[in-house]
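Step one of this worksheet: look at the structure below.
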Amino acid sequence: MNEKVLQTLEYYKIISQLEEHATSDPGRQLCSALLPSSDLQEIRSAQQETADAASRIRMKGSLSFSGCKDVSSSLKRLEIGCFLSLPELLSVSSILTVAARAKAYGRHEQEGDGFLEDTLEERFRALEPLTPVNNEIKRCILSQDEVSDDASPGLHKVRRAIKNAEDKLHGQLNSILNSNRSYLQDAVITMRNGRYCLPVKSDYKNQVPGMVHDQSSTGSTLFIEPMAVIKLNNEIRELEIAEQKEIEAVLADLSSQLAPYTQEIQTNQQILGQLDFIFAKANLSRSYKGSQPNFNDSGMISIKDGRHPLLDPQKVVPISLTLGKDFDLLIVTGPNTGGKTVSLKTIGLFTLMGQAGLHIPAFEGSELAVFDQVFADIGDEQSIEQSLSTFSAHMTNIVRILNQADSRSLCLFDELGAGTDPTEGAALAIAILSFLHNMKCRVMATTHYSELKVFALSTPGVENACCEFSVETLQPTYRLLIGIPGKSNAFAISQKLGLPEYIIEDAKSHLETEDEAFEDLIAHLEESRITIEKEQAQIQVYKTEIAQLKSRLAKKEERLDERKDQVIRNATEEAQRILREAKETADQTIRQITKLSADSGLNRQLEAERAKLRDKLKETDQKLAVKQKGPKQPISPKKLKIGDGVKVLTMGLKGTVSTLPNEKGDLYVQMGILRSLVNIKDLELLHEQEITGPSYEGGSAKKGMGSGKSRIQMSKSSSISPEINLIGMNVDEACSVLDKYLDDAYLSHLSSVRVVHGRGTGALKAGIHKYLKRLKYVKDFRLGEFGEGDSGVTIVTFQ
């Protein structure tokens, strides 16, 4: 990509912003060297890396690479057998620490749960933190100028000896200081040339025998090392030399531990720099709410709500445009300060950013083309040094563009043909654009010339566009409108600014008839467009109001239906309650009579009368039950699949299909813990959003959960147990209790129940089995199997 266009489109300002998001020197170097690519695969790979980093930041937060430094020179010294200094070892340790932090960041806690790797996974895995070596460096080195006492046994021994010698020396110096205080300038112990001294007054220098190491600037004080401590100072000096040798031994040992891993450390540095660079791109994208553009090599550009990244995001107006699909040359017209140049720069800068692997501040789904070259002729390029006027400077640039442009080039021109005679300038502009159009270049140009508007209207593959301008407020709206030529609005703006009417009328008289008619046509088109947009907005408002009215009406009808069902349900439930009380009273009476007439032979007659009473009660139940509405749309058995969401109308419950319907249309439906056999005519297919809703119609917060018998069945199904325990009862008591329980279980649509009678003598089991054979709604019964209770339990299955 040519250097000139990078400067013109302010690409390097974006790079400066990118560098601010990098946290390491290698990362900043990669950011600084970033240039657009023209390889489609390379671009897509870079874009995906940026997207993957942004995704990781969104899920885990940002990752800092601070501490990653360039240690290439240190590694070369290791390779030739040298040992590293304290700062160098700390720099290597810092890289290893960052590598450990990055590797932990890249690790996924649930890799076995179908985690999909992204483009950064391989880099994170390739990091080698060398934790044992790094821990050893941290243990031995405390700072850039301090080694730990525990770095080696020898160092520990030497430093302890130094401390003892210094304590002994200070003791002697304090003794001398106290006994010769009148000779001293200050009662302090000081150090000169690495040796401990006392500040003695020059007049008393002979009173304190020793070695003079320094003199004050006035000459009044001599710094004397007393003779009594010279030997101790020498000893400390020797120990300090030994200490330095021990430190060098520690550094040599640490360097020898690092030497086998120079390649791994170099790889860590490279990977961390690359990751810092990629995460800097992701953070830049997040800063301006960017998105990943789709790339093609067919020359098509489609920007959706694009915002120039260098403008204030609170004020910039998004633009949307296409280029290269229905037309490959776009001519933008309109008044000055209307946003034409910004639109031009936005397209060029987006192309450069996208081809550099950066996201663009535009809506998801925007598309960019890959260009080998981007050319831009924007701004005033006159040069006094080169004796170039504005027109000459522009034409020099245009000549260069025409010599280099081809079908894989994007050309951007601002005020093409300006700076010279308008007639000749317009003719030149048309000729230049025609040449580039024939070359199949993608071109976007701004102009004020009416001739170019006509050229766009009359040439296939060329389209007009304009930047909207409000004459009432004399302010641009910055909206880019494709397919509409713009007006310069010179007369309207001048009149608003106070230019006398007679001057404006005189100016209009100098316009040629064709020019005036064309400008009037543009004005008429603009008025028509504004009118149509207002009408469309009004129609949209009406549509929204109609939809809201329809929704309110439907809800009102639903509430009326619920109230109606509620009234019927309340009456039905009251009748059912009365019937239940009557049945319980009758059951109690029969049990009493059964006990009194156990020996009179009336049991069979009583049982027959009881069965008649039960049948009569069931018949009354059916008459009182509210009739359910049929399904809104009948379900075809062929279209029904296992797992489909359905609603059982008679029960008002939602569930899923467990089995396919048989020849009679019967199938099993699972409704929570309840599994029931129902007919396909009693089902209504649910849409996806209804399946995920609450189990009861209208949600648990609503009272309208169905009607009539279904509500009683739902109430029973929520409280009835699938098991009854009859142990301890005689046959008559057990049969009476079992009869009521089986009635309730059958009404609750339980498919089977478990009757616990125990083993014992077998009399209770035999009596229950004899009783079950007489019940018409019992399909069959059997003794329990292993795990169900064996012979102490009977499993009863209903019709």
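Readers should treat all values here as calculations from the given coordinates under stated rules, not as data from a laboratory. None of these values were measured; they are calculated from a predicted model. Here the Cβ positions follow ideal geometry from the backbone for every residue, glycine too, while neighbour counts run over all protein chains shown.
For the reader, a short list of remarks on this structure follows.
- Local charge for residue 53 was computed over the other residues whose Cβ lies under 13 Å away, with Lys and Arg +1 and Asp and Glu -1, and equals +1.
- Aspartates and glutamates whose Cα lies under 20 Å from that of residue 612, excluding same-chain neighbours fewer than 8 positions away: 581, 584, 587, 621, 732, 733, 739, 743, 744
- When only Cα pairs below 8 angstrom with a gap of at least 6 residues are kept, the stretch 156-252 shows a relative contact order of 27 percent.
- Alpha-carbon centroid distance for the pair the stretch 532-586 / the stretch 439-461, whole angstrom: 61 Å
- Neighbourhood net charge (13 Å Cβ-Cβ; Lys/Arg +1, Asp/Glu -1) for residue 76: -2
- P(r) tail fraction, the stretch 7-83 - alpha-carbon pairs more than 22 Å apart, %: 44 percent
- Other residues lying with their Cβ under 14 Å from the Cβ of residue 440 contribute a combined charge of -1, Lys and Arg counting +1, Asp and Glu -1.
- Subset of 304/340; 315/496; 4/289 violating a 19 Å alpha-carbon distance limit: 315/496; 4/289
- The stretch 98-193: trypsin sites (Lys or Arg not before Pro) falling in loop per DSSP and having at most 14 other Cβ within 10 Å: 107
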